[in-house]
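Worksheet: one structure, shown below.
The values are calculated or read from the model by the stated rules, or taken from the named source; none is laboratory data. Small disclaimer: the values here were computed from a predicted structure and weren't measured. Every residue, glycine among them, receives a Cβ derived from its backbone with ideal geometry; neighbour counts consider all protein chains shown. Ligands, DNA and RNA are excluded from the accessible area calculation, which covers all protein heavy atoms including side chains. Shrake-Rupley method; radii C 1.70, N 1.55, O 1.52, S 1.80 Å.
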There are 4 protein chains.
Amino acid sequence: MGVVIDGCPAGLEIDMEAVQSAVDRRKTGQHNFSSARKEEDAVEIISGIFEQKTIGSPICILIKNKDARSGDYDNLKDVFRPGHADFTYQKKYGLRDYRGGGRSSIRITAPIVAAGEIANRLILVLSKTETTSFVTQIGKVIYNVSSLAENGLSKEEKTFLADSNKNLVSADFEKKVDAEIEKIATEGNTLGGKITTIIEKLPAGIGEPIFGKLQAQLAQALMSINTVKAVEFGEGIHAAAMKGSEHNDEFEMKDEGVSTKTNHHGGILGGISTGERIIFSIYFKPISSIKKTQQTLSENGETVTITIEGRHDVCAVPRAVPIVNAYVQIILADLLLQNRYAKL
Amino acid sequence: MGVVIDGCPAGLEIDMEAVQSAVDRRKTGQHNFSSARKEEDAVEIISGIFEQKTIGSPICILIKNKDARSGDYDNLKDVFRPGHADFTYQKKYGLRDYRGGGRSSIRITAPIVAAGEIANRLILVLSKTETTSFVTQIGKVIYNVSSLAENGLSKEEKTFLADSNKNLVSADFEKKVDAEIEKIATEGNTLGGKITTIIEKLPAGIGEPIFGKLQAQLAQALMSINTVKAVEFGEGIHAAAMKGSEHNDEFEMKDEGVSTKTNHHGGILGGISTGERIIFSIYFKPISSIKKTQQTLSENGETVTITIEGRHDVCAVPRAVPIVNAYVQIILADLLLQNRYAKL
Amino acid sequence: MGVVIDGCPAGLEIDMEAVQSAVDRRKTGQHNFSSARKEEDAVEIISGIFEQKTIGSPICILIKNKDARSGDYDNLKDVFRPGHADFTYQKKYGLRDYRGGGRSSIRITAPIVAAGEIANRLILVLSKTETTSFVTQIGKVIYNVSSLAENGLSKEEKTFLADSNKNLVSADFEKKVDAEIEKIATEGNTLGGKITTIIEKLPAGIGEPIFGKLQAQLAQALMSINTVKAVEFGEGIHAAAMKGSEHNDEFEMKDEGVSTKTNHHGGILGGISTGERIIFSIYFKPISSIKKTQQTLSENGETVTITIEGRHDVCAVPRAVPIVNAYVQIILADLLLQNRYAKL
Amino acid sequence: MGVVIDGCPAGLEIDMEAVQSAVDRRKTGQHNFSSARKEEDAVEIISGIFEQKTIGSPICILIKNKDARSGDYDNLKDVFRPGHADFTYQKKYGLRDYRGGGRSSIRITAPIVAAGEIANRLILVLSKTETTSFVTQIGKVIYNVSSLAENGLSKEEKTFLADSNKNLVSADFEKKVDAEIEKIATEGNTLGGKITTIIEKLPAGIGEPIFGKLQAQLAQALMSINTVKAVEFGEGIHAAAMKGSEHNDEFEMKDEGVSTKTNHHGGILGGISTGERIIFSIYFKPISSIKKTQQTLSENGETVTITIEGRHDVCAVPRAVPIVNAYVQIILADLLLQNRYAKL
């Protein structure tokens, strides 16, 4: 697994331990949330960083996964697993790499998290922008986010999140989540969920007005996470049922400059940041690898019955939080740089 | 307004009357839905088409809007209208074109519709793919789409849609929509809504597996439509509350080849089409230009009160249907061509 | 004919009369050098400029050629003219636009010259860079440029060039060129030649180190001019016969900073500008449209004899000078902007 | 050192031993031609190839150079070596990696050669195209290529080339080259030279007509090789002194289809291949690292005297032959694929 980061200015200080630690954090230790395969993802710089600073050339980072055993997958090599990309890859390419670790694997996310950490270093040099993502739904258990656009997270929620290995913001919510996970684990079943992200202190003016709209670039990146099925910005799906007079946010002058009285628009107008808090949520389908026996087809078209063995994740959503943050940071870093071009 | 289409193979027959007619259809005549400015969008070919065929060079199409009078906007030139991009453009560029017809105007969609028509010609040469979009929500009036993924539109719905100038699929739904529109028009207010799209007979294998996933490319395009606030594919936001065993679609062999028994995945797995029906919905915020008096700021930071005069749309959603179709067609044409590269 | 310029910052003042005048200068009036077809190239802004300033959106410029009559070309529509792209277009696309004005026509250069003028406005805001191109060979008549890398043009050469409608730098050279042209015109034949370009006061550090090397980007652009057959930078082809000790330029400190004692390298090292004078030359083949009768093939493979009627250019090289300048300016403007990213 | 190859279709058989062998051949063993640092370039596949076949995902290849010792360069870390990119990198980025192995090093070419080998596999599946490059000048010793465009290499020249570790085509030429090298080596000096390339059996129609002209893409790639100072196609610089009637190639019908009687155009018209033999030459400056003592500046602007120790190449031109072939193959593979789009 590797990643090539192009376009990063020279002279940016990179703390490779922070990068390694971000990649490590991607893997949680508890059995219900994480893959039981113990991965050791050692981050190695191939080019672009010298004496802890970027030198202006493409940054190539390699992440070696020491524990991927291809043998584990042999029993599935001729079968189209329901909900997986086996069938579509076979149709598209006429062949496929049936081992774990391909492009549709969760493991491909390690380099993205590494790139996100570097992007965040650049963001903090160019601005004071902060990106925070957290789990707001697991299965049918939902955390209420209705006042987030206006107020952001409370101090208590932030504190709880800092220590939460499931990226939750409340103990009460965690209790319900744990019960739900426990129940579903017993069934050998899996759960989806929702992640909500807020971006604070992004300057006004970020985003490109036609095909590079801020929400469009974020949507593309977020929909690239394999199990994401929906994305909504600001009021999102609720906006469809609002009246114009309810949704419009009036401008007013505050100490720090032009601001909006309310924040239904979620920090973006015309594809460009307004300087208000940005808020969006993404929805995940449940993991496809379930313990229950399923009927499907082999590559030869024969009906077969499969049972996916081993310890499984019940829910991948908590694990996706650093990936969401990484995608957001990569896009924001790029747009903040691009914005240097916007006017003379 | 213009558009440059690059990468279209030579030898594609283009019926310019069909292109003109697609651009014309974008404008509906009824007062409640459409802008009262009567536009005449004359499509003109600048390059790339010779004797009704593409010649392999970039196709440049110009659409002259005869009726855009800049004078109409003079009273708004120093004001940040709530919900509009006036403020963000000013912040980003330090200046802006305050006349109607800029990048955030609905009028920019005429060239996209023209390009969509050409893309569709190419799609039909390369496949039998059909894209159908229709309005499934206006304000709080909602059309039930729960069986669409499995069954598609009924014959009656298709027939109704063909003649519907509001791009609806049922007379009963239209009656409720008309009542809602009537009521809101009286208030001088506006409404949002939802459009649902189904893509049928797209071959399996379309979409690129990492950053060019089919749903990611569609999401980027659809989120580029200015008033869109959410997009969902397949089960969408409902997928977050489903169990793996409920969401997984088992593969089975049908006469026409490998198929899935159910269609919760909505025709895409791993970013690549499965050959099943693709379904997605997008959600629109209400139009920002309302008749009600609003408080806002001038460019100098003074608090001002504005009333936006003239006849206004109550709801832009029906008008967005051809634009949604056009974006989908442009992406599908590109991906179908790209797929020629996928395997030897 | 049109051009879309993307990525130009907002707030750049554009004098459209200067753009029109640059496009006009591209056409010289004298019969031996110019096409006899009198062209009127009216430059029209479609988007991106408002109240004489760029607004940050793509700048679309249209140039309407009022005098292109397709009828003139009817006798050549089924024939592969020697030295022209008729055959290769037919092979590539299966059909072609046989009228004048296609992609291989000199007329396609009008939009490039317009874009070059806008690029130059941006260059002058970002730097003091000056690009000067002039004819240094017509047929066998050659102007000596051996001291140009060190000294640039003399004051007299600059003065002469400013008034030369053939873009020459010396009266003596012009006399010889005129005699050569006169002789070849009588034969009904055509001539090639050479253009030399010097770029002065380009800051050190411009160019991208791997695939975007300054000389590589310039070479690509210059080799895109249809009749260019060779390009050389600095000592060029002579460098191949030099020893390392002869070619190396030692660094020394001057008032204005680090400099090289000599300028064999021609202002570029490792793909990046050194701050020294950049010098390069490009070589043109003679125009393919000659009056002499030629044997060739029709599209059906029959041997035919053709005579290309009408008044012809003897030599297109003087006319290519503004095009060379435009390409250079477009690349420099882009690289100067990109360089804002190079370091923090 | 690594390379990522994107866009290669799935199902292409890759012989990794052939790739390793191509990378090995890049290093010649004799002291006068090669760097004395003994490199072991072990080629490793990171992704994109499974069971000896491409799978449609980006192919990432890593080449580990076991012998690069950063310590060797410590005495040069604060000095701007004449003719090197030390100064321009410092100006552009404000810092640089002073160790050997950076972007301006010859070692960066190993991944390009590996990519070229894979590209060539694809070319041979799509066509019968053969690319042959050979040294035609070392210092002042020149090999005559005047009939190459018409006749290609003779059987004897091909046989000699196959066994030549200096990529020469004649024993007589080799003798003169060896004498020249010997003389210059004694001086502690270096030499430039020329490489000529012929491409045979490339189908007509390859190349993109405006900004992607075949010669323009080749020129960009070839000018990316650090010591290349000029490139010429077909008659090249001689074309500037030819008359139209001398340069034009008349079309005629041969058994295999439309052909030209002569080959002054060098196989490309209007940026697109004609099917005739393509021929071009590139000119190299002498290597900058000479044994002779040179005066230069340190980073602090102090005048210093440097002597570059160790065994040096006298001439890098023979070593550049596989790199030239690799660049050509990468471009041709891409254009042959792209051409699948050209017409319906």
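Of the residues making up segment C:180-201, those that are open to solvent by less than 10 Å² (accessible area, probe 1.4 Å) and at the interface with chain D (Cβ under 8 Å from one of its Cβ atoms) are C:ILE184, C:ASN189, C:THR190, C:LEU191, C:GLY192, C:GLY193. Could you please give the count of residues in segment C:227-254 that are more than 7 Å from chain D (Cβ to nearest Cβ) and in contact with a Gly (Cβ under 8 Å, 6 or more places away or on another chain)? Going through segment C:227-254 one residue at a time, the tally reaches 1. For segment D:115-130, a residue qualifies if it is in contact with an Asp or Glu (Cβ under 8 Å, 6 or more places away or on another chain) and open to solvent by 20 Å² or more (accessible area, probe 1.4 Å), and the qualifying residues are D:ARG121, D:GLU130. B:VAL3 meets all of the listed conditions (1) assigned to a loop (DSSP other than H, G, I, E, B); (2) in contact with a Cys (Cβ under 9 Å, 6 or more places away or on another chain); (3) modelled with pLDDT of 55 or more but one, namely (1).
Among the residues of segment B:95-127, the one identified as at the interface with chain A (Cβ under 9 Å from one of its Cβ atoms) and either in a helix (DSSP H, G or I) or modelled with pLDDT of 90 or more (or both) is B:ILE108.
Each row is one residue, and each column tells you yes or no for (1) under 22 Å from the mean Cα position of the chain (by Cα); (2) surrounded by fewer than 18 Cβ atoms within 10 Å (Cβ to Cβ); (3) assigned to a helix (DSSP H, G or I).
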site: A:VAL145; (1), (2), (3): yes, yes, no
site: A:GLU150; (1), (2), (3): no, yes, yes
site: A:LEU161; (1), (2), (3): yes, no, yes
site: A:ASP178; (1), (2), (3): yes, yes, yes
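Could you please find all residues in segment A:204-224 being open to solvent by 20 Å² or more (accessible area, probe 1.4 Å) and farther than 14 Å from C:GLY56 by Cα? Steps first, answer last, please.
As a first pass, look at segment A:204-224 and keep what is open to solvent by 20 Å² or more (accessible area, probe 1.4 Å): A:204, A:208, A:210-211, A:217, A:220.
Within segment A:204-224, A:ALA204, A:GLN217, A:GLN220 qualify.
Scanning segment D:274-328 for residues that are among the polar types (S, T, N, Q) and closer than 30 Å to D:GLU208 by Cα turns up D:THR274, D:SER281, D:ASN325.
I want to confirm something. Restricting to segment D:54-94 and keeping residues that are more than 9 Å from every other protein chain (Cβ to nearest Cβ), part of a loop (DSSP other than H, G, I, E, B) and over 25 Å from the mean Cα position of the chain (by Cα), which single residue is modelled with the lowest pLDDT? So, considering only residues that are more than 9 Å from every other protein chain (Cβ to nearest Cβ), part of a loop (DSSP other than H, G, I, E, B) and over 25 Å from the mean Cα position of the chain (by Cα), the one modelled with the lowest pLDDT is D:ARG69.
Is it the case, given these coordinates, that D:LYS343 is touching a strand residue (DSSP E or B) at 6+ places or on another chain (Cβ under 7 Å) and farther than 27 Å from D:MET223 by Cα?
Numbers: touching a strand residue (DSSP E or B) at 6+ places or on another chain (Cβ under 7 Å): yes; farther than 27 Å from D:MET223 by Cα: yes.
Judged against the criteria, D:LYS343 is a match.
Checking each residue in segment D:132-143 for being polar (S, T, N, Q) and surrounded by fewer than 21 Cβ atoms within 10 Å (Cβ to Cβ) picks out only D:THR132. Return yes when D:ASN189 is over 15 Å from C:THR227 (Cα atoms) and touching an Asp or Glu at 6+ places or on another chain (Cβ under 6 Å) and no when it is not. The answer is no for D:ASN189.
Being part of a strand (DSSP E or B) and touching a residue at least 60 places away in the same chain (Cβ under 8 Å) is the filter; apply it to segment D:256-277 and report the residue that is surrounded by the fewest Cβ atoms within 10 Å (Cβ to Cβ). Filtering first and then ranking leaves D:SER273. For segment C:255-306, the tally of residues that are over 29 Å from C:LEU222 (Cβ atoms), facing chain D (nearest Cβ under 8 Å) and among the aliphatic types (A, V, I, L, M) stands at 1. I need the full set of residues from segment A:163-175 which are part of a helix (DSSP H, G or I) and of a type outside the set (A, V, I, L, M), in order please. If the condition is that a residue be part of a helix (DSSP H, G or I) and of a type outside the set (A, V, I, L, M), then A:ASP163, A:ASP172, A:PHE173, A:GLU174, A:LYS175 are the ones that fit. Candidates are the residues of segment C:307-344 that are among the hydroxyl-bearing types (Ser, Thr, Tyr) and open to solvent by 40 Å² or more (accessible area, probe 1.4 Å); the one that is nearest to the other protein chains (Cβ to nearest Cβ) is C:TYR341. A:VAL231 satisfies every condition listed in (1) open to solvent by 10 Å² or more (accessible area, probe 1.4 Å); (2) under 30 Å from A:ILE184 (Cα atoms); (3) aliphatic (A, V, I, L, M); (4) part of a strand (DSSP E or B) except (1).
Taken over segment C:202-226, the criterion of being assigned to a loop (DSSP other than H, G, I, E, B), farther than 16 Å from C:ALA326 by Cβ and more than 7 Å from every other protein chain (Cβ to nearest Cβ) is satisfied by C:LEU202, C:PRO203, C:ILE206, C:GLY207, C:GLU208, C:GLY212.
Of all residues being open to solvent by 20 Å² or more (accessible area, probe 1.4 Å) and in a helix (DSSP H, G or I) in segment C:11-53, which is modelled with the lowest pLDDT? Just the residue, please. So, considering only residues that are open to solvent by 20 Å² or more (accessible area, probe 1.4 Å) and in a helix (DSSP H, G or I), the one modelled with the lowest pLDDT is C:ARG25.
With respect to the numbered conditions (1) in a loop (DSSP other than H, G, I, E, B); (2) open to solvent by 30 Å² or more (accessible area, probe 1.4 Å); (3) farther than 25 Å from C:ALA185 by Cα, which one is the sole condition not fulfilled by C:GLY301? (2) is the only condition that C:GLY301 fails.
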